[in-house]
Structure formats: structure tokens, C-alpha cells
Amino acid sequence: MGAILDALHHLQKIERNLSRFRAKEESFRRQARKNQKQIEKLQSEYEAHLQGVQRCQMEIDNADLDIKAREESMNKHRLALNSAKTNKEYAAVLTALNTEKADAAKFESRVLELMTRKEQLQGQSKEFELERSRLEKRLARCEQDLAKYIEATRADCQRLEDDRALAAEKVPPSALQTFQRVAAKHEGEAMAEVLKLSSRSDDHVCEGCNMSVPLEHINRLKSADDLLMCATCGRILYLEHENGQLR
């Protein structure tokens, strides 16, 4: 392996170690985001639930108004009974009074139903609040775990960042730009070893995608310090050790 590929291979090892730290950190962040979304979803459901409580209370208030209206009407009918001059008039007023009583009884029954429903909803409100408290505590733990992990790995990550910067200085700008572009596409794995399928054949494949690598690429990798890309996955190809040396 030539100087450029050797430098890139060293850079790849550093990048791989950094990627492990990043992946672990991202797992903490992903869990925190998941918990945050659960809290937001629960809050949205809770707000809709509270609207249901409010609607229930509005129905109770409206039913109470109807009951009061019926009571006022019944009082008027009772007065009218005392002043009725004929049996026919008395019977008509009594019928109207009984109708108002029946209607009032229906509204009173409805109020009782609504009050029972409201109590049930209020009980569910407590359940919402308890669940939100649980999720918020879990989110706080995730954020604490993330902060602890970042603090515990800060020195190692900084050392690797420094090593990467030094390693990058040994790579020509154009090669470094290609490496960074491919690494971004493949989650830090910019390079792939060329594997020989059998000692009895000249068939080779890319370790990254397991697709065939032409023999002319193998010969160029052995003889030149060129950046050759896998035609399928686009990773930078290299040949691994031979007699203890990278080639």
C-alpha cells in the first residue's frame, strides 16, 4: 500500500474509533428524543382530554340553566293553578305543570350522568399527570446518562480528534476530500478491504458490499498509490497485510 492509502487507512482506524463513541452518544440522544416525543404525544392527548372535561362541564351548566328555567315555569304554573277559574283551565295548567316536571326530571337525570362522567374524566386526569411525571423522570435520567457519558469520554474523544487532525495532515487535500465525502455516506467507513475469495482463483470482492472487484484494480492497488473506488458502493479500496506490511 502506498503512502496515501497507508495514511488514509490510519485515518480510517481513528475515524472508526470516533464513530464508536459517536454511535454510543447518539443512542443516548435517540432515547432522549424518543422520550420527549412520548411526552409531547401524551401532552397532546391530555389537552384533548381536558377539552372533554370542559365540554362536560358546559353540558352540566346548560342542563342546570334548563332546570332553573323549568323551575321558574313550574312556579308560574302553580300560581296559575290557584287562580284558575274553570276546571278546563285548571286541567290545562296542571298538564303543563306535569310536563315541566317531567322535563326537569330528565335534565336532573342528565346532570347526574354528566357529573359522574366528569368525575371519571377527572380521575383520568390524575392518571395523565402520573404518566407524564413518569416520562419526565425517565427523560431526565436519559439526559443525565448522556451528560455523564460525554464527560467520561471527553478526554478519549479529544485525543482521537487530535490524532485525526494529525493523520489528516499527511493526506493530500484531494484525497482527504474524497475520504470525507465517502465517510459521510457510509457512517465513517470510507474504506473497504479487497478480499480474495479463494487461494486457487483470482476472484476478489469488496468487503463493504461483497461485490466483485476487477483484476485490473487489484494490479493497480499492488503497483500504484491510487484511490480506486468500488464501482458498487463507492468505498475506497485497499489491499490488507502481506508479510506484515500493508499493500
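The values are calculated or read from the model by the stated rules, or taken from the named source; none is laboratory data. Here the structure is a predicted model, which is why all the values come from computation and not from measurement. Reconstructed Cβ throughout: ideal geometry from the backbone, glycine too, with neighbour counts over all protein chains shown. Ligands, DNA and RNA are excluded from the accessible area calculation, which covers all protein heavy atoms including side chains. Shrake-Rupley method; radii C 1.70, N 1.55, O 1.52, S 1.80 Å.
Listed values, structure above:
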quantity: Test: residue in segment 206-213 that is part of a helix (DSSP H, G or I) and out of contact with any Asp or Glu (no Cβ under 8 Å at 6 or more places or on another chain); calculated: no
quantity: Filtered residues of segment 1-20 (kept if open to solvent by less than 50 Å² (accessible area, probe 1.4 Å) and among the hydrophobic types (A, V, I, L, M, F, W, C)); calculated: M1, I4, L5, A7, L8, L11, I14, L18
quantity: Those residues of segment 24-45 which are under 23 Å from G188 (Cα atoms), open to solvent by 50 Å² or more (accessible area, probe 1.4 Å) and touching a residue at least 40 places away in the same chain (Cβ under 8 Å), in sequence order; calculated: K24, E25, R29, Q31
quantity: The listed residue being open to solvent by 50 Å² or more (accessible area, probe 1.4 Å), more than 30 Å from R132 (Cα to Cα) and without any contact (Cβ under 8 Å) to a residue 40 or more places away in the chain, out of A92, A84, A48; calculated: A92
quantity: Leading residue by the ranking (least open to solvent (accessible area, probe 1.4 Å)) among those in segment 180-197 that are among the small types (G, A, S) and assigned to a helix (DSSP H, G or I); calculated: A183
quantity: Candidates A175, A165 - the one that is of a type in the set (G, A, S), part of a helix (DSSP H, G or I), over 21 Å from the mean Cα position of the chain (by Cα) and surrounded by 12 or more Cβ atoms within 10 Å (Cβ to Cβ); calculated: A175
quantity: Residue within segment 188-195 that is under 24 Å from L18 (Cβ atoms) and either without any contact (Cβ under 8 Å) to a residue 12 or more places away in the chain or among the acidic types (D, E) (or both) present; calculated: yes
quantity: Qualifying residue in segment 215-228 (condition: within 16 Å of H10 (Cβ to Cβ), touching a residue at least 60 places away in the same chain (Cβ under 8 Å) and out of contact with any Lys or Arg (no Cβ under 6 Å at 6 or more places or on another chain)); calculated: yes
quantity: Selected residue (criterion: farthest from the chain's Cα centre (by Cα)) from residues of segment 34-87 that are farther than 13 Å from E100 by Cβ and among the basic types (K, R); calculated: K85
quantity: Some residue of segment 121-137 being within 29 Å of the chain's Cα centre (by Cα), under 18 Å from E26 (Cβ atoms) and surrounded by 12 or more Cβ atoms within 10 Å (Cβ to Cβ); calculated: no
